[in-house]
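Structure, as structure tokens:
The values are calculated or read from the model by the stated rules, or taken from the named source; none is laboratory data. Being a predicted model, the structure only gives us computed values, none of them experimental. Here the Cβ positions follow ideal geometry from the backbone for every residue, glycine too, while neighbour counts run over all protein chains shown.
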Amino acid sequence: MQTNKKFKPFTFLAVFVLSNIFSFAQDNITVNISASACNSYNWNGINYTESGVYAQIFTDQYGRDSTVFLYLTVKHLYLAIVSSGLDFCEQSQNVLTAITNSSEVLWNTGATTPSIAIDKPGLYTVTAVDEPCRKTDSLRVYECNVGIQENVLSGVRVYPNPTTGQLRVECRDVAQRLYGDYHIYTLTSQMIMRGQLQGETTIINMESLPTGMYYLRIGSETVKVVKE
């Protein structure tokens, strides 16, 4: 006589579920992610400043470890405008060049080439793009020294001018300190000195420079200084 055996479905289901949970807890899952950042990237409280492959291990509620690999690209974009002249006294046309490691630039004139020829004074701005990075620099070109102040920039005092060597740059408000860098050029637009503003007052040592006239550029503005 044939006997039909009856199985308890709930018992079988319980064994199946427990077996899979045990297997689930023993496996180590690997996850790959990618990211691109400008200058730095923060991942779970850790700040990364260089490109590379980084790993972190996470543990879930079942005690299972997961290793996450981060394929990170960190881009460091630089940009500066170099001019063939700061005014139009000696020439009727200047050439502005964007020095950058980006292959994409956009001038406020609409040009997209690294260098542009200009035939009139004004404020010229260029933006370099290397996603997700964007950086902007500006330079004001004057008409035969018109607008080049002898001692004062917007919110910045430069003294003594003329100087025998020590030139003081005094920032009158916090916003002006955000200018950051200063550059000193010869009258032929050769950059011979650069540095960073230090709080309210910065002392620039020009003792090693020959006597003569120079341009001091802070941000997009320029002041003429004389070394005696």
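Across the stretch 170-200, the number of residues qualifying as at pLDDT below 85 and either among the β-branched types (Val, Ile, Thr) or in the same structural domain as Ser138 (by TED's automatic domain parsing) (or both) comes to 3.
For Leu106, are the conditions met, namely being farther than 23 Å from Leu216 by Cβ, touching a Cys at 6+ places or on another chain (Cβ under 6 Å), buried (at least 16 other Cβ atoms within 10 Å of the Cβ) and aliphatic (A, V, I, L, M)? Spelling it out, it is not the case that Leu106 is farther than 23 Å from Leu216 by Cβ, touching a Cys at 6+ places or on another chain (Cβ under 6 Å), buried (at least 16 other Cβ atoms within 10 Å of the Cβ) and aliphatic (A, V, I, L, M). Of the listed requirements (1) touching a Gly at 6+ places or on another chain (Cβ under 8 Å); (2) at pLDDT 90 or above, Ser138 misses just one: (2). Note on the stretch 97-135: residues that are of a type in the set (D, E, K, R) and touching a Lys or Arg at 6+ places or on another chain (Cβ under 9 Å) total 2. May I ask you to verify whether Ser208 is more than 28 Å from Asn39 (Cα to Cα) and either of a type in the set (D, E, K, R) or modelled with pLDDT under 80 (or both)? In short, no.
Answer yes or no as to whether Leu96 is outside any loop (DSSP other than H, G, I, E, B), outside the structural domain of Tyr182 (by TED's automatic domain parsing), within 21 Å of Gln190 (Cβ to Cβ) and modelled with pLDDT of 75 or more. So Leu96 fits the description; yes.
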